[in-house]
Each structure stands twice: as C-alpha cells, then as structure tokens.
C-alpha cells in the first residue's frame, strides 16, 4: 500500500515538473519569436542611419547628432530585450540561495547604479527602511525585482512635474519583508493595473523594450514565494507592493 502511494506521489511530482518544463519552453519560444521580430525594426533603423552617416558631409551637426541619438535609442531597445531574456532564464534555472541582506544598502546601491538616469530626469530618490531583524533571502533575485521596478518608475516619470521622486519603503520582520516603490510619474490607465505584469504588455509608446521587465518581477518574486501588486492613478503616480518571506530560520 505504501509503495503504491509513493509511486503515485512520484508520478504527481514528475507530472508537475513536466508542466513546469513545458511552460518554460513555451515562454522561451515566445521570447525568441518576439525578440526576432522586434529586433528587426531597430536593426533596420541602425542600418539606414549608418547609410546616412556615410554621406555625413551633406548634413549639419545637429542632424548628425540626431542620427546618433536614434542609433543609441535603437541599440538600447535591443539591449533591454536581451536583458529581459537573460533575467528570465537566470530565474528559471537557478536554485534559491538565501543569504543575509542589508535592505537599505541594497536599495541605495541600486539608486546609485541609476544615478545618471535619475539626474537626467531630475528625480529625487528616497529610501525609508525599518529593519530590526536580519533579512535572509535570495539577494540576486531581489535585486533583479527592485531594479526592474525602479527602472520602470524612471522610464515613466512625468516630465510635466517639477518635483519628481521615487521612494522605496521597506519593512523587515521575523516572517516577511514588504517593500513599497512609490513614484509620482504618469501612472497607469484605469483597468490596466493587472495587465502590466503580463508578458509583452506595453502600456504606452514610451516603452522601449518588449514589455518584459514587470513580468520578470512577478516571476522572480513568485519563485521566492512572494508576490507583487500595483495601485496606480493616471497622471498621479504608482505604488508597487512587493512581498517576500524572510528565510531567517534557513539562514541561522
């Protein structure tokens, strides 16, 4: 009887693993197809602009700078696509690796990495963290999630607002860690909040990538046993709620 029960349990595990592999292969296929299609536009744009630059003597300096700016935008689009694919694959194949994390330090480092973009958009970064116990979690995955949410907030900042900000609030207790990323950017259209985590969803023309970043955030956090939701109002701003368990007992 016990042998039969064990056999059924093994079959169930194998079936679940098979479904996970099938899901992974399906999403990878979507990634490759979409990347292949989406990269043709930027590549054609670069090809055309390089052709124009070969006859640079007939163009003014302002026109040449504009051509170079367009080339930079096109290469950035392709880089964003590849970054999203790399993060998704890394999350899919790596096991969880909990370690002690100083949440304030992690957030400050991420803001420092985006210092040029924050300065360019005149955005003030703010960090407010309450951490009275150690946080044990997968630092690499948490960093990926926070980077994508913060980068999204920068990209969709509101140029019409004089005082732009991104505030990251954190609270760590014995059982979990909650993080709120708040901005006063352009916000999300009503009814589209749940869609922003869908693969390849792009809400506005300002999206330079494939619509992968927030999908990766959800996948990463769910792999960690956590979750992400968002509340947003158009032209007011957005608030992303990230939650992960504190693997404190694992780390001890």
>> Please go through (1) modelled with pLDDT under 95; (2) in a helix (DSSP H, G or I); (3) surrounded by 22 or more Cβ atoms within 10 Å (Cβ to Cβ) for residue 210 and return the number of the only condition it doesn't satisfy.
In response: (2)
> Of these, 116, 139, 153, 97, which one is at negative phi and buried (at least 18 other Cβ atoms within 10 Å of the Cβ)?
Replying inline: 153
> Out of (1) farther than 17 Å from residue 107 by Cβ; (2) part of a helix (DSSP H, G or I); (3) modelled with pLDDT of 90 or more, what's the single condition that is false for residue 235?
Replying inline: (2)
>> Residue under question is residue 67, and the condition is that it be surrounded by 15 or more Cβ atoms within 10 Å (Cβ to Cβ), assigned by TED's automatic domain parsing to the domain that holds residue 182 and modelled with pLDDT of 65 or more; does it hold?
In response: no
>> I'd like the full set of residues that are out of contact with any helix residue (DSSP H, G or I) (no Cβ under 9 Å at 6 or more places or on another chain), more than 17 Å from residue 184 (Cα to Cα) and touching a residue at least 24 places away in the same chain (Cβ under 8 Å), limited to segment 103-129.
In response: 104
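The values are calculated or read from the model by the stated rules, or taken from the named source; none is laboratory data. Nothing here was measured: the structure is a model prediction, and the numbers come from that model. Reconstructed Cβ throughout: ideal geometry from the backbone, glycine too, with neighbour counts over all protein chains shown.
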